[in-house]
Amino acid sequence: MERYSTLQQVQSALATGELTCCDLVNYFLAQIEASRHLNIYIEVYAEEALAKAKVLDQKYATSSTAVGRLFGMVIAIKDVICYESHAVTAASKILQGFVAPYSATAIERLLAEDAIIIGRANCDEFAMGSTNENSYYGITRNAADENKVPGGSSGASAVAVQAGTCIAALGSDTGGSVRQPAGLCGVVGMKPTYGRISRHGLIAYGSSFDQIGTLTNNVEDAALLLEIMAGADEFDSTASQSPVPLYSERLKKTEKYKVAYFKSAVEHEKLDTEIQQRTFQFIQQLQKAGHQVEAIEFDYLDYLIPAYYVLTTAEASSNLSRYDGIRYGYRSPNASNLLETYTKSRTEGFSLEVKRRIMLGTFVLSAGYYEAYYTKAQQIRQLLWQRTKEIFNDFDFILMPVSPTTAWEIGKLSNDPVEMYLSDIFTVHANMVGIPALALPIGTHSNGLPIGVQLMANRFEEEKLLAMAYSIPI
Ligand code: GLN
C-alpha cells in the first residue's frame, strides 16, 4: 500500500476519490498497531478519529469546499497540549487522571480547519529531557534503530512522523525539543518565534522559552500548520499581535541569502566528525545554489547551556509549584494531613529528573544566590540577544548543527544529567533569544542514522526561513 506522508499527497488522493478520509484514518491506525513496540502513543483516539473522518467524508461528498484547509491532516499531539475532554499528563504520574477542561488555542485552530487528532504522543516528563527516556509511560524508541533514543523531549512526536503513523505531529520546544528529535529521527522540525503561536493550553515548563512547534515530512506542511496556528490570542498576552503571513503560499522564492555559521560550533570538540563533514558539504551545496555562506566568530557557545539550565529550572520551579496534590491529578494515598498531602504527592508524583530541576530552580532563585545565578543568566541572555541581533544586521540566517551526535544508545546518558544537558548545545540558542529555527534532514550517517542541520532566522522571519528551507531538496 502507498505510504501517506504529506498533506498534498493525501489531498490529491482524496480529490480523485481513490482515498476516503476513513480509509486514511484506518491506514494510520494500522500503522500505529504495527509500531506498538516503539511506544509512540500514550493514547490513541481510534473511534473518535474514525467518527470524525466519516463526518468529513460526508461533508466532502456534498461539496469539495465544505471542508477546511486541513482536510486529510491526521495529526498526533504531544502530551503537554490540552485537548478538551481528553486526558493530558505531561507524561507525569502527577497528572494521572487529569482531563483537559479546554483545548489549547493551537488545537482549536487546527480543529476549525478539520484536522483529525489521532492520539496523544509520549514525551519526557514536563518536556524535561533530550531522549524521551524520562517518561512515566516508558521510553520511546527511534524507528531507524530501536536500540537508540529518538531524542527529546518531543521524541515520540518525531517517531510518530518517522514511523508513518500520522502526517504531522505537534511538539513543544523550550530548548530544542522539536528540532533535536527531528534531527535524530530524520524529519522536519520547526520552532517558531517566541510568541508566534499562543501558549494557551500548553503545559508550562519555562514560560519565557516555550513554543509549540511542528514535526512533518516536508516544509510545506510545516508552513501550513504554522499559518493556521499562529496569531494573536486573547488568552495569551505574550502571543504576538503581528499579522500572520501566508507562509504556505510564499515558499517559492528564488532570492539569494547570506548565511553565517559559527566556527566555534562546527569546530566544536563534541561534534561528530561525520556530521561536521556533512555540514560542510551542505554549506557547499548552499554556495552552489548561489547563497553566500561565511564563518563568523561567536564567543558565547559555552555559556549557553549553563544559562539555559539556570533560567529554565528557575521558571520550572515556579510553574510546577501548582502540582500540589490538591488541584490536579495524582494525590498520595499515604498522606494524613495537608502538609503531607503536598509533600507526598509531589515526592511520589514527580520523577527524579523533574525533582532535580525543581530543586535546582528553587536554589538559583533563593535569597543569597539569586544575583549569582539567576541575574547572571539573565545578563547572558541579554548579551546573547545583542550579539544575535548584530549578526542578523549582516546575515539572513545562522546555520548550526542540530545535535553533536546522531541518536545514541538507550540508557547511555540517562545517569549523567550534565552530559545529557550538554547535548542541547546547538539548540538552546534559538530559545534563549526567541528566534525561529528549523531542523532539516540532510542525510544519513555511516551508522545508518539520520543527520540534521538547523537554520535560524531573526524574530518573525518565518516566511524567509520556510522559503529557504523549501528550496533545499530533502
Ligand atoms: N532538552 C532540553 C531540556 O531538557 C530541551 C527540552 C525542551 O525543549 N522541552 O530542557
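The values are calculated or read from the model by the stated rules, or taken from the named source; none is laboratory data. No experiment lies behind these values; they were computed from the predicted model shown. We place every Cβ from the backbone using ideal geometry, glycine too, and count neighbours over all the protein chains shown.
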Quick one: count up the residues across the range 76-118 that are at positive phi and within 19 Å of the chain's Cα centre (by Cα). 2
Scanning the range 419-439 residue by residue, those among the aliphatic types (A, V, I, L, M), away from the ligand (no atom under 12 Å from the Cβ) and surrounded by fewer than 24 Cβ atoms within 10 Å (Cβ to Cβ) turn out to be V433
Quick test for you: out of V364, V310, pick the one residue that is touching a Ser or Thr at 6+ places or on another chain (Cβ under 7 Å) and surrounded by 20 or more Cβ atoms within 10 Å (Cβ to Cβ). V364
Which of the residues belonging to the range 171-205 are among the hydrophobic types (A, V, I, L, M, F, W, C) and either out of contact with any Lys or Arg (no Cβ under 6 Å at 6 or more places or on another chain) or within 21 Å of Q241 (Cα to Cα) (or both)? A182, L184, C185, V187, V188, M190, I197, L202, I203, A204
Among the candidates T216, T165, residue that is crowded, with 24+ Cβ neighbours inside 10 Å, within 11 Å of the chain's Cα centre (by Cα) and closer than 23 Å to L38 by Cβ: T216
Being surrounded by 21 or more Cβ atoms within 10 Å (Cβ to Cβ) and either modelled with pLDDT under 95 or among the small types (G, A, S) (or both) narrows it down to one residue among A15, A49; which is it? A49
Any hit, the range 143-151, residues being of a type in the set (D, E) and under 20 Å from A30 (Cβ atoms): yes
Within the set of pairs 6+ apart or on separate chains, which have a first residue in the range 24-46 that is closer than 15 Å to A76 by Cα, a second that is in a helix (DSSP H, G or I) and modelled with pLDDT under 95, and C-beta atoms under 8 Å apart? none
Of all residues in the range 147-162 being farther than 27 Å from L111 by Cβ and surrounded by 24 or more Cβ atoms within 10 Å (Cβ to Cβ), which is farthest from the ligand (Cβ to nearest atom)? V149
Give just the number: which of (1) among the acidic types (D, E); (2) surrounded by fewer than 21 Cβ atoms within 10 Å (Cβ to Cβ); (3) more than 16 Å from the ligand (Cβ to nearest atom) does D416 not satisfy? (3)
Subset of the range 441-459 [surrounded by fewer than 20 Cβ atoms within 10 Å (Cβ to Cβ), part of a loop (DSSP other than H, G, I, E, B) and not hydroxyl-bearing (S, T, Y)]: H445, N447, G448, L449
Given (1) within 16 Å of the ligand (Cβ to nearest atom); (2) aliphatic (A, V, I, L, M); (3) over 24 Å from S264 (Cα atoms), index of the condition A467 fails: (1)
With the checklist (1) within 29 Å of H445 (Cβ to Cβ); (2) buried (at least 24 other Cβ atoms within 10 Å of the Cβ); (3) more than 15 Å from the ligand (Cβ to nearest atom) in hand, flag the one item A144 doesn't pass. (2)
From the list Q287, Q277, Q292, Q281, pick out the single residue that is closer than 23 Å to L422 by Cα, over 25 Å from the mean Cα position of the chain (by Cα) and among the polar types (S, T, N, Q). Q277
Looking only at residues in the range 60-73 that are touching a residue at least 40 places away in the same chain (Cβ under 8 Å) and over 14 Å from C166 (Cβ atoms), which one is surrounded by the most Cβ atoms within 10 Å (Cβ to Cβ)? F71
Kindly provide the set of residues from the range 393-406 that are under 24 Å from the mean Cα position of the chain (by Cα) and of a type outside the set (S, T, N, Q), ordered by number. D396, F397, I398, L399, M400, P401, V402, P404
Looking only at the range 233-288, filter to residues that are under 16 Å from Q454 (Cα atoms) and basic (K, R); which one of those is surrounded by the most Cβ atoms within 10 Å (Cβ to Cβ)? R278
Residue check: is E133 within 16 Å of the ligand (Cβ to nearest atom) and surrounded by fewer than 24 Cβ atoms within 10 Å (Cβ to Cβ)? yes
Tally time: how many residues in the range 367-403 are surrounded by fewer than 19 Cβ atoms within 10 Å (Cβ to Cβ) and part of a loop (DSSP other than H, G, I, E, B)? 3
I need the full set of residues from the range 164-206 which are among the small types (G, A, S) and more than 9 Å from the ligand (Cβ to nearest atom), in order please. G164, A168, A169, A182, G183, G186, G189, G195, S198, G201, A204
Do any helices (runs of 4 or more DSSP H) entirely within the range 261-321 hold 3 or more residues that are in contact with a strand residue (DSSP E or B) (Cβ under 6 Å, 6 or more places away or on another chain) and at pLDDT 95 or above, and if so, which? 273-288
Would you mention how many residues in the range 31-46 are under 20 Å from the mean Cα position of the chain (by Cα), surrounded by fewer than 22 Cβ atoms within 10 Å (Cβ to Cβ) and not in a strand (DSSP E or B)? 1
